[in-house]
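First comes the structure, then the notes that go with it.
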Amino acid sequence: PGLMRGAGEEAGLRPDQQPVPTSHSILDDDTFGEGADVPTPTIAKYHKSSRAETKHTRPVRRDTRDPRGKSSGGLDLGAESEAEWNGEREVQDFATIDWTYYAEKDRNRRAHGLASLPRWQLVRVLMNLYDAAQSWLALALTGFCCGLCAAMVGMGVDWMNDIKFGMCWGRGFWITRQMCCKDSMNILSCDNWYSWPRLLGYQDLESEQMMSYACYTIIAICQAGYAAWMCKNIAPYAVGSGIGEIKVILSGFVIKRFLGGWTLLVKFLGLILSVGSGLSIGKEGPFIHLSCCIGNLVSRCFSKFANNEGRKRELLSCACSAGIAVAFGAPIGGVLFSLEEVAVYFPPKTMWRALFCATFAAMTLQRLNPLPTGKLVMFEITYHHQWKLFELGVFAFIGAVGGLVGAFITKLNVRWSKFRKETALKKYPITEVMVCACITSLIDYTIVYLRGSSMLLLQSLFSECKNSNPAVYEELCNHENGRDILTFLMLAAVIRIFLTIVTSGNPCPGGIFVPSLVIGALLGRAVGFALQLLENEMGDIGVFYVCKSATSCITPGIYAIVGAASVLGGITRMTVCLVVIMFEVTGGYEYVLPVMVGVMMAKWVADAFGRASVYIKLIQLKGYPYLDNKREYHFSERASDVMTCRDLFVLSMHGNTVESIQGLLETTTFQGFPVVTSHEDMLVVGYLSRSSLLRVMHKCSSNRRVTPQTLCSFGALPASAARADGTEEPYIDLSQWLDASPIQIMETTPLDRVIEMFRALGLRYLLVTQNGQLVGILKKKDILEHIELFRKGLADKRNNADAY
């Protein structure tokens, strides 16, 4: 009695599946776990193992009575401990959290936490102060650890880059070339630095060059191969940049071990090896993943975050800001990046806390001083020339080219990733990385622009000719070899484009930020240098007439900055945060407007080939459930048209017994049950999670007064349930575990409005009603499935032909 049979089964990923799946199809997987109170489409036998897998906290208690005591007339099942009241059950892997649930839980934590404090005034004040300070302590600790980690990664990458050419002899092999030769006038002729041919005793010039070439290639292959081996055998989630997965996690999805300690360690070591090997990847994007790993580990030390998945994601959003702050030395750009790109839920208080965390991280990094300049600015420019009005057209042209190149790289990189996923190539990740390292080192060593570190290359491309060192001048500024310089700049850009396409996303740590900047800087420098050569040939006539009174007319470094921002914007579709990052990275406040023009043109051109960034496309390729908050949807359907869960198991307010509820739990795997007035009326009373029912049944089994026929009710029993002698029938009042205000919508609600509710409130499900009666449940999975069908151009299984 009290049950209505329907159809539904949890179809999420199970722990016995592969530890690191290559795909999570939203068409096949149901994304409900912690606090997931939604019945799902098919019936399945409930096994004992399901009890261990289903670890959820109770729904929010909105009953006015004491939730830890017994209600009037009900059996006393015993008060729950504070650990049970405030504790958090372990969330399920590949599950979706409910933001409203955790927001309410945090309010309950504060209310019940204050009520349970000791009566002594001083203790209460100190405990309140500690509770308020937890956020700031966690942010400060996260920022400090991010700065420390970034400094060590930076020094490690520099050493790995230098070790391919030789080592410091006499002062210690662990010292980088720049530190080893800090007392020398010329770093290229340093007595303390020994090249590999010199260490191995080769004196002949030709043999020396061949040995340098061989040592460079062999060391690069070993570095990249070991990084891939660690990822494959220790922490598979450490591959790539991790930004796409971070976006999914911050949207409310749970991916266990992705932010764990082993992932942090392997990402840290693997990033040093893979970037140091010279692969066409960068360390700046993975810093965001490293920072989120640090934030996740720090959250375990503070109960405010450890027991609340919603608050934990606020901390992770701040950690993303710290990641950009230490990657580029851009704390303000980091805050804007977190707001614009990764965070879905970003309340105003989080912006201020993200700025605090990013600033703390940047201060830590500057104090540790990994840069030889002693400054936080990574590519500080020393020129501050006023750009001319006619140059705006050239900046717009560079932006358009950058958007075209960005769209080209995105499209081919996603195709290559799909090829890797669907072919036998995925079975040989270490071999793939080592082959990429071999090809990259063989090509880069022969081109002087690509042989060294990407960061040094960017610094040279952004610099001014007259203030550059002799080596840079010969490579980038010598007008006598102008055609050769242009040829090699364009050739280097084309080579880097194709190396980035096949390298970015391969099974080793690395991101696409720096390769994008390098490609754009090479193209922009080429355009600027060509314009400078044209001005020298034509003189101060025509459009160059305004240069007549200027000491310096065309500065190729400005064009390199605009080109770098344009290509990165074309690949990632970043806008505001990218402009601020480039301003903070270079310190060139005079060139904000040219960068803005280039970034806007790049986005317009790239959007013409598809509005999704490379991260969104990779999320779609991997099948993660992600509801893009930047995308506008225009559907003509109603909520009932996409709702799949129509046949439900429901609980009525009265008429349930312990035996019937236990049978329900044993024969179903639903994660929650709507509670209605009766099967005839089907008016919604509330929602009860499976975890709460399991906890109640566990208490019933240990209570001698409870029998299988004991009634279970939501509220006081009606008068008709009284015994013949007039005494009240013993019953268990379940109302204290009931979520009495689940969010409901009408079945005629437009689908566009439903999508906005899911995005704005962070919901996982909605109860659908008709004239007040429950008719079904609309899940986030239904929305994602509907969007995915139309994105792929498939015929909708619900016979809806209207596209968006």
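The values are calculated or read from the model by the stated rules, or taken from the named source; none is laboratory data. The shown structure was predicted, so the numbers you read here are calculated from the model rather than taken from an experiment. A quick note on method: Cβ atoms are made from the backbone with ideal geometry, for glycine too, and the neighbour counts reach across all protein chains shown. When the accessible area is computed, the model is the full protein with side chains, heavy atoms only, and any ligands, DNA or RNA have been set aside. Shrake-Rupley method; radii C 1.70, N 1.55, O 1.52, S 1.80 Å.
Odds and ends about this structure:
- Only one residue of 751, 711, 696 has its Cα farthest out toward the positive end of the dipole of the stretch 630-777, where Lys and Arg carry +1 and Asp and Glu -1 on Cβ, and that residue is 696.
- Taking the protein heavy atoms of the stretch 624-716 in the context of the full set of protein chains, the accessible area attributed to carbon and sulfur is 46 percent at 1.4 Å.
- Calculated FRET efficiency for the pair residue 205/residue 415, C-beta based, R₀ 25 Å, to 0.05: 0.05
- Under a model in which nothing but the beta-carbon of Lys, Arg (+1) and Asp, Glu (-1) is charged, the stretch 223-314 shows a dipole of about 260 debye around its Cα centre.
- Over 28 Å apart at the Cα level, from the set 256/283; 630/781; 630/792; 267/779; 105/232; 283/427, are 267/779; 105/232.
- Largest to smallest in accessible area, the residues 698, 385 fall in the order 698, 385 (1.4 Å probe, all protein chains included).
- Full-stretch length increase - residue 388, residue 659 - with 0.36 nm per residue and alpha-carbon distance subtracted: 89.3 nm
- Placing R0 at 25 angstrom, the Cβ-Cβ distance between residue 538 and residue 593 gives a FRET efficiency of 0.45 after rounding to 0.05.
- Average accessible surface for the stretch 545-585: 26 Å² per residue, computed with a 1.4 Å probe over protein heavy atoms with every protein chain in place.
- Counting only protein heavy atoms and a probe of 1.4 Å, the accessible surface of the stretch 438-573 is 61% carbon and sulfur.
- Prolate/oblate/rounded label for the stretch 375-417 (Cα gyration tensor, a/c 1.5): oblate
- Ligands, DNA and RNA are left out, and with a 1.4 angstrom probe the accessible area of the stretch 589-727 is 44 Å² per residue.
- Backbone HN-Hα couplings from phi across the stretch 290-302 [Karplus 6.51/-1.76/1.60, Hz, Gly and Pro as x]: 4, 5, 5, 4, 4, x, 5, 5, 5, 4, 5, 8, 10
- FRET efficiency estimate (nearest 0.05) - Cβ-Cβ, residue 630 to residue 716, R0 45 angstrom: 0.35
- Cβ-defined net charge surrounding residue 143, 14 Å radius [Lys, Arg +1; Asp, Glu -1]: +2
- Full-extension gain in nm, residue 174 to residue 438, via 0.36 nm per residue minus C-alpha separation: 92.6 nm
- Residue by residue, the stretch 598-615 carries 3J(HN,Hα) couplings of x, 5, 5, 5, 4, 5, 4, 5, 5, 5, 5, 9, x, 7, 7, 6, 5, 6 Hz when phi is fed to the Karplus relation 6.51 cos²θ - 1.76 cosθ + 1.60 (θ = phi - 60°); x denotes Gly or Pro.
- Computed from backbone phi with θ = phi - 60° and the Karplus coefficients 6.51, -1.76 and 1.60, the 3J(HN,Hα) list for the stretch 348-362 is x, 5, 5, 5, 5, 6, 5, 5, 4, 5, 5, 5, 4, 5, 5 Hz; x is used for glycine and proline.
- The stretch 226-381: C-alpha gyration tensor shape, a/c 1.5 cut-off, then a/b vs b/c: oblate
- Checking every one of the trypsin sites (Lys or Arg not before Pro) in the stretch 620-715 against DSSP loop status and a limit of 15 other Cβ atoms within 10 Å picks out 630, 631, 646, 704, 705.
- Cut-off under 5 Å, modelled amide H: who pairs with residue 652 long-range: 676
- Net lengthening on full extension, residue 480/residue 697 (0.36 nm per residue, minus Cα-Cα): 69.5 nm
- Once you reduce the stretch 237-299 and the stretch 123-197 to the center of their Cα atoms, the two points are 18 Å from each other.
- The stretch 612-718: antiparallel DSSP beta bridges as a percent of all, rounded to 5: 80 percent
- Other-chain or far-sequence residues with amide H under 5 Å of residue 776's (modelled H): 768
- Annotation: amide H-H contacts under 5 Å for residue 732 (H modelled 1.01 Å from N, sequence separation of 5 or more, or interchain): 75, 711, 712, 713.
- Filtered GluC sites (Glu not before Pro), the stretch 639-692: DSSP coil and at most 10 other beta carbons within 10 Å: 680
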